Amino acid sequence: MIKELKSWGLLLLLAVIWGSSFILMKKGMFNENGDAIFSAPQVASLRILIAAIVLLPFAIRSLRKLMVRKDFTVLLVVGLSGNLLPAFLFTYAQTGISSGLSGMLNSFTPVFTLLIGLIIFKVKVSNAQIIGSFIGMIGIVLLVLLGKNSAISGDLKPILAVICATFLYGLSLNLIKYKLSAFKPIEITALSFTTLLIPSLIGFFYFGTPDTILLNPYAPHALIFISILAIIGTAMAVFLFNGILKISSALFASSVTYFIPIVAVIIGFLMKEKITSNQIMAMIIVLLGVLLIHHGDKFVKRT
């Protein structure tokens, strides 16, 4: 019971953190007037670089365990598929679609987690989990379609970028769950980000980030939001996420993506934006889906 409450508590905390990440990305890319500050690749490389530097002391402590188990390749793939590549894909998507739509598309993660687990890792999945995944996604679609900020520019590339990112998330989730079970959550987080230190540092210079910091008057202010995104929305969030994976299933952990748009709606409500009864109904559908993922088997057994 305590383990279950802990997993739910971490899931909701993570949803709040990641639900705010889209706004932080926008704040790092544009000023109040909508003028560009940092480009999408600059924000992505900065985000990963700062997170990798923050986690470096923890990685150094874990190096001996890494050298013994020889899991560097898996950690590298986890770092690339779960952090670096999605960071670029999501910041690129923010230039063409709304944050709300990004959140909705992010709900494909549990579906890809399910399919990759079934096909590659031969994971047994119950009917209740499959039904719960699709119910949750339907709720997210309804929630965003009923919102104000779900309009797209008409270009499919940003949408495909998010879908590609969710596929990579699904791969990373399964690798962590089934290939890195011997590692603690902080070890997986720190070591996987350390494998990204050099690539993100190269990106930092390649995309001209130092020039933007020195020449754009809005850059220092934007850096604050990017740092929050990197430290809390990336390093801390991935640690919490790996903690959920350690005590729960990969599918349940991925269901955090169902709550992210809900957080966006709540933030909007707190900022005096209107929330409708239809949006509340969509939230209930999302919650039903997640409950089926986590508790569906118990219900089926009782009946």
Taking only the range 175-189 into account, find how many residues are open to solvent by 10 Å² or more (accessible area, probe 1.4 Å), under 19 Å from residue 56 (Cβ atoms) and part of a helix (DSSP H, G or I).
-> 3
Would you point out the residue of the range 85-110, among those that are among the hydrophobic types (A, V, I, L, M, F, W, C) and open to solvent by 20 Å² or more (accessible area, probe 1.4 Å), that is farthest from residue 19 (Cα to Cα)?
-> 85
Condition test on residue 6, is it modelled with pLDDT under 90, out of contact with any His (no Cβ under 7 Å at 6 or more places or on another chain), among the basic types (Lys, Arg) and farther than 17 Å from residue 212 by Cβ?
-> yes
Answer residue from the range 28-56, given it is in contact with a strand residue (DSSP E or B) (Cβ under 8 Å, 6 or more places away or on another chain) and closer than 19 Å to residue 158 by Cα and is surrounded by the fewest Cβ atoms within 10 Å (Cβ to Cβ) among those | 36
Applying the selection to the range 273-286, what residues are modelled with pLDDT under 75 and either open to solvent by less than 80 Å² (accessible area, probe 1.4 Å) or not β-branched (Val, Ile, Thr) (or both)?
-> 273, 274, 275, 276, 279, 283
Name the pairs whose Cβ atoms lie under 6 Å apart, with the first residue in the range 238-249 and open to solvent by 20 Å² or more (accessible area, probe 1.4 Å), the second modelled with pLDDT under 85, and 6 or more positions between them or separate chains?
-> 247/3; 247/7
Residues located in the range 190-222, provided they are within 12 Å of residue 43 (Cα to Cα) and in a loop (DSSP other than H, G, I, E, B) = 207, 208
What helices (runs of 4 or more DSSP H), lying completely within the range 16-81, carry at least 3 residues that are charged (D, E, K, R)?
-> 40-69
With respect to residue 225, determine if the residue is part of a helix (DSSP H, G or I), touching a residue at least 12 places away in the same chain (Cβ under 8 Å), of a type outside the set (Lys, Arg) and touching a Gly at 6+ places or on another chain (Cβ under 9 Å).
-> yes
Hits in the range 111-150 - residues which are buried (at least 23 other Cβ atoms within 10 Å of the Cβ), modelled with pLDDT of 80 or more and of a type in the set (S, T, N, Q) | 113
What number of residues in the range 168-197 are under 18 Å from the mean Cα position of the chain (by Cα) and over 25 Å from residue 247 (Cβ atoms)?
-> 1
Test: residue in the range 96-103 that is in contact with a Lys or Arg (Cβ under 8 Å, 6 or more places away or on another chain), in a helix (DSSP H, G or I) and either among the polar types (S, T, N, Q) or closer than 22 Å to residue 173 by Cα (or both) = yes
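The values are calculated or read from the model by the stated rules, or taken from the named source; none is laboratory data. This one's a predicted model, so the numbers in the text were calculated from it and none came from an experiment. We place every Cβ from the backbone using ideal geometry, glycine too, and count neighbours over all the protein chains shown. Only protein heavy atoms, including side chains, enter the accessible area calculation; ligands, DNA and RNA are left aside. Shrake-Rupley method; radii C 1.70, N 1.55, O 1.52, S 1.80 Å.
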